[in-house]
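Derivation of every value follows stated rules applied to the coordinates shown; laboratory data play no part. Just so it is clear, the model here is predicted, and its values are computed rather than measured. As a convention, Cβ positions derive from the backbone with ideal geometry for all residues, glycine included, and neighbour counts pool all protein chains shown.
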Amino acid sequence: MDSVTIFYSQENGGIIANMNEEKLSAIRHSLAHLLATAVLEKYPDTKLAIGPVIENGFYYDFEFPAGVSITPEDLKEFQKRMKKLTNKEEPFVGREISLKEAREMFAGQPYKLELIDEFSKEGQTLTAYTNGNFVDLCRGGHVNSTKELNPDAFALTHTAGAYWRGNEKNKMLTRIYGLAFETREELDAYIAHQEEAKKRDHRKLGRELDLFTFSDLVGPGLPLFTPKGTAMRDAIIEKIHGMQKKFGYHNVSIPHITKKELYETSGHWEKFGDELFKVKGASDTEFVMKPMNCPHHTQIYASRPRSYRDLPIRYTEATAVYRDEQAGELLGLSRVRSITQDDGHIFCTIDQIEQETENIISVIREFYESLGMWSTEGSWVSLSVRDLETPEKYLGDSTHWDMAEEILEKVAQNESVPYKRVSGEAAFYGPKLDFMFKDALGRERQLATIQLDFVMPTRFSLEYTDEQGKRQTPVMIHRAIAGSLERFLAVIIEHFAGAFPLWLSPLQVKVLSIGAAHKEYAAKVCAALRETDIRAELDDSDETLGKKIRNVKLEKVPYFIVIGDQEMADEQITVESRDQRKIGMMTVDEFIRNMKAEIAGKSKQW
Ligand SMILES: [Zn+2]
Ligand SMILES: [Zn+2]
């Protein structure tokens, strides 16, 4: 998978607001004025910086008088004062002011003066807006009167340090954040959504469920996967490999460092040089950590003469690529520096594109169905095509582009989920189908992708001999089913809140012995499960059964088995499931049969 897109889309999502954006923006902007009004009422010597509208609310940056630090109590007080102001009928009135007038009006406000000078140098008209006694330098966009602001639909949430103009050489200001909506219901819903998101945060759950860790000694953005996290990664890769086996994929394996010439030829060096990790050995040769796998796979293709009879050739590999992301942009598993891609490349003729693409889609569908995420409500396909207004952004000849876009559109039309044509979202080398899914919190996530590429095969002079014995250039299809494993894990940890489907659960069964006399039989049961590749663990500690069961539930293990006198006497096991359902007694063989059925997506017999 070439990751030109994934370079920029590791992080994705956000709640979709369906309100009147313009009105909301006026509300939020007006509330920023009210916040500054309230702050000046309490601390008249505060210096005001800026107070813009942001997603879901607003903020305002302040330099508070020396010795004043803002506490949650202050926020409560500011909020109370703001609410009082919304009870008054004070209009927002604006007027143009001259440079001289502006300088006088904001004489005690150094940040405003800086902006005034800057705006006037740029030839901008200066305007000031008043509500009550408060005046701010502002371009407008308010509600008519403070009375229009719903006192129950906003809340000041927290403060943060922020440098003036985002420059760390400048003074650190205090930023006060607020949420704001039209109605109280919207505010409450948003806060509830945020709380749920916090509970599901993959960084928190990753720690609690012991899935991955970071070490200062290893470095930021370089996750280490524990045995449990690795079990999940292996399960994902195995699942995908199993599903695409019938389509004739072959595993390949490539090194992680490469001469930079490979990426000069592919064009990535020029486009992404800054994001590459450079490696220097004893020789003069310059190496890089691979930022993508496609160029390597072209070299496996190019290692032998190819005939039309050999095509399509399909290579697949789950392997890490490395990108020097800014430390400030790293975020749990969502944005990392070592990115494992479930990568795949197909080399084929133009006539084979349609069938190959359909085969990939069938794997994508089967994979996301196994997660319960393929639905006609939440899922859609972005047919990401080029922007005809900016042809210079794309490589390759336009008849190929037309054809490729047409083929992808045809394939998308045959799919059961809706598709949208999105102009300007194509990769520089070809159009794509990007698969979008909605997670349990309604956040849109882009995961799988299929990309057509006429450019890289040309750059690497790839060839095959056609029926007439003539040399032709193959087409390359890049595909990823899960995308990057790190980002995929971040998404599904949050989607399932850690309670994964059986096939994906790091631990599938826990065997609990009730007393000392049952330890040996419990260990035997656990060993029998492991022998059939079921991920099982034994808890034969001296804790009470109640405590053991509570632990299993915290770990969100799908099934647990209880072993006591009765079970030993009957040579059976008692099975219970994560959702507190007691399933009953059965033999170990019967349990294994049912587990295998569920893992394979077939129905169980209990
Ligand atoms: Zn690729
Ligand atoms: Zn304003």
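Data overview
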item: Sites residue 329 and residue 569 - FRET efficiency at Förster radius 41 Å, r taken between beta-carbons, to 0.05; result: 0.10
item: Residue (of 513, 568, 583) at the positive-pole extreme of the range 507-599, dipole from beta-carbon charges; result: 583
item: Helix-only [θ]222 nm of the chain, DSSP H runs n ≥ 4, -39500 (n - 2.57) each, per residue, nearest 500; result: -11000 deg cm²/dmol
item: Eligible lysines near residue 76 by straight Cα distance, threshold 23 Å, same-chain separation 8 or greater; result: 42, 47, 84, 88, 147, 198
item: At R0 = 30 Å, FRET efficiency that the Cβ-Cβ distance of residue 303 and residue 355 yields, to 0.05; result: 0.75
item: Nonlocal amide H pairs with residue 386, under 5 Å, H built at 1.01 Å; result: 424, 426
item: Estimated FRET transfer efficiency when R0 is 51 angstrom, pair residue 230-residue 465 (beta carbons, to 0.05); result: 0.75
item: Principal-axis tilt of helix 588-599 within the chain, Cα atoms, nearest 10 degrees; result: 50 degrees
item: Cleavage-rule hits, GluC sites (Glu not before Pro), the range 447-539, DSSP coil, Cβ neighbours within 10 Å at most 12; result: 467
item: Relative contact order (percent, whole number), the chain, Cα cutoff 8 Å, 6+ residue spacing; result: 11 percent
item: Karplus-derived 3J(HN,Hα), 6.51/-1.76/1.60, for each residue of the range 188-194, Hz, glycine and proline x; result: 4, 5, 5, 5, 4, 4, 5
item: Spatial separation of Cα centroids for the range 138-214 and the range 499-567, in angstrom; result: 42 Å
item: In degrees, nearest ten, helix 519-531 long axis to first principal axis of the chain (Cα); result: 90 degrees
